[in-house]
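Undergrad: Have a look at the structure that comes next, please.
The numbers here are math on the coordinates, done by the rules we state, and not lab data. Model, not experiment: these values are computed from the prediction. Cβ placement follows ideal geometry from the backbone for every residue including glycine, while neighbour counts extend to all protein chains displayed.
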Amino acid sequence: MTITQPLHLDQMSRTLVRFAFLACVCAAPASAGSPPAPTLAADHPLASRVWAPATGKWSSPDDALERVKGAGIVLLGEIHDNADHHALQAWVMTELAAAGRRPLLALEMVDSDRQAVLDQGIGTPATLGAALDWEKRGWPDWALYRPIVEATLAARGEVKAANLPQDLTRRIARGEQGAEVDGRFGLDQPLPPAEEKALAADIREGHCNLLPDKAVPPMVRVQRARDAAMAEVMADQASRPEAGPVVLIAGAGHARTDRGVPARLRAMVPGVAMLSIGFVEVEDGKTSPAAYGESFGTRTPPFDLIWFTGRATREDSCAMMEKHMKKKEGTGKESNLR
C-alpha cells in the first residue's frame, strides 16, 4: 500500500467489522479513573486543563477520555522529556484497558527495521529499553516510556515500531532514496508553497536558527517521510477489527492536525475517526489558550484537544546545539538528522 492510496476493499471490510466490534465494546461503559497528579510544579491557571481549539471551550479529562474511546486513531503529541506527558499517555492506555479495549501502540521512537527486537523484548519491559538502545539513540530515559508500554501489554495490546530506519533516513536526506520511496511517501508531490515555507521555518526554529540554508531542504524531506511512514503504520493497524484504537506516541509536530501524520491519514483511511491531543507546556504570563498557537505558527493550536501541563526543567538546548555544531565543524563530520 502506498502512502497516497486509500485502503483496498478487503481492508475497508476489516475496518467496518472493526467498527461493529468497537460498538459492542462501547455498549458497556467503564468509569474513568482520575488522571495522575502532575509532578511538575505549575502555578499557572491553565495547568492540568483541557481545551478544544475548534470550539474554544474547556473540556474535562473524562470528556477527553470519552473522545479517545470513540476514535479509531489517536495521536498523543508530546514533548519528549516531559514526565507528565508520559504519565498522561500511560493513563490513557490504562483507561482503554479498563474499558475492555486492546489498543495498538505505535512509537515514533522505534525504527521499523527494529520491530523484531521490539517483539523479542516485549515480554520484559524493564530491559526493553536497553535492547532497543533507547537512550543511546538519543531518547529520554526509558523509565518515562516504560509505563506506557506496560499499560498497553496489560490491555493485551500490541506495540509497533513506526519510524523510518536510519539508513533510509540518511538516503532521503542525501536525495538518494529513488522513485519508489518518493512515490511511497509522497515525496514526488511538492508541498503547497505556504506549507513548504512553514515546515522549513519550523525546522529552522527547532534547530535554534543555527542550520545552514543548505541543510533545511533535506530535513524537510526527512520530516515529510517520517510523517508518511508513521501514517502508513497507523493506517495498516487501524483496519484490524479485533483491536484498537491505534495510538501514536510522537513529538507534537508529528501529531498536529493541519499537516504531519493526520494529514496523511485523512487521505488513507477517510472513514476512520481520528483524535489528536497535543500536550503543551504552560508559559509564564500566557493565559489565553489560543495564544499557544503562536508556538506552532497558527492562530490556535493545531490539535483537536490541548492538554496543558507544567514545564520540564531542561538545559539550554540552543546552547548545547551550538556547542555540538561547532564540534562537528571542527572534526569535519556531518551532523546526523533526527
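Undergrad: Compute the length gained on full extension between M320 and K57: take 0.36 nm times their separation in residues and subtract their Cα-Cα distance, giving the result in nm to one decimal. Walk me through the numbers before you get to the answer.
TA: Details: separation 263, 0.36 × 263 = 94.68 nm, distance 3.86 nm.
That pair, M320 and K57, stretches by 90.8 nm at full extension.
Undergrad: How would you rank 46-54, 281-289, highest first, on the average number of other Cβ atoms within 10 Å across their residues? Display every interim value, and only then the final one.
TA: Values: 46-54: 18.6, 281-289: 14.2.
Result, highest mean first: 46-54, 281-289.
Undergrad: Follow-up question, since we're still on this one. Can you work out the Karplus-derived ³J(HN,Hα) for every residue in segment 36-44? Use 6.51 cos²θ - 1.76 cosθ + 1.60 with θ = phi - 60°, whole Hz, and x for glycine or proline.
TA: x, 5, x, 9, 9, 4, 8, 7, 9
Undergrad: For segment 207-338, what is the charge dipole size about the Cα centre, in debye to the nearest 20, if Lys and Arg each add +1 at the Cβ and Asp and Glu each add -1 at the Cβ? Don't skip to the end; give the middle numbers.
TA: Numbers: 19 positive and 16 negative charges, 83 e Å.
Magnitude of the dipole: close to 400 debye.
Undergrad: Quick one: putting +1 on the C-beta of Lys and Arg, -1 on the C-beta of Asp and Glu, what dipole do you get for segment 203-247 around its Cα centre, in Debye to the nearest 20? Walk me through the numbers before you get to the answer.
TA: Working: 6 positive and 6 negative charges, 44 e Å.
Dipole of segment 203-247, to the nearest 20 debye: 220 debye.
Undergrad: List the residues whose amide H sits under 5 Å from the amide H of V74, counting only those 5 or more places along or on another chain, with H placed 1.01 Å from N in the peptide plane.
TA: Hits under the 5 Å cutoff: V246, V247, L248, L275.
Undergrad: List the lysines whose alpha-carbon lies under 25 Å from that of K327, not counting same-chain residues fewer than 8 positions away?
TA: Qualifying lysines at Cα under 25 Å: K136, K214.
Undergrad: Skipping prolines and chain starts, which residues have an amide H placed within reach, meaning under 5 Å, of the one on K160, given they are 5 or more residues away or on another chain?
TA: For K160, whose amide H was placed from the backbone, the distant partners under 5 Å are L105, A106, L107.
Undergrad: From the backbone phi of segment 239-249, what are the Karplus-calculated ³J(HN,Hα) couplings (6.51 cos²θ - 1.76 cosθ + 1.60, θ = phi - 60°) in whole Hz, Gly and Pro given as x?
TA: 8, 7, x, 8, 9, x, x, 8, 10, 9, 9
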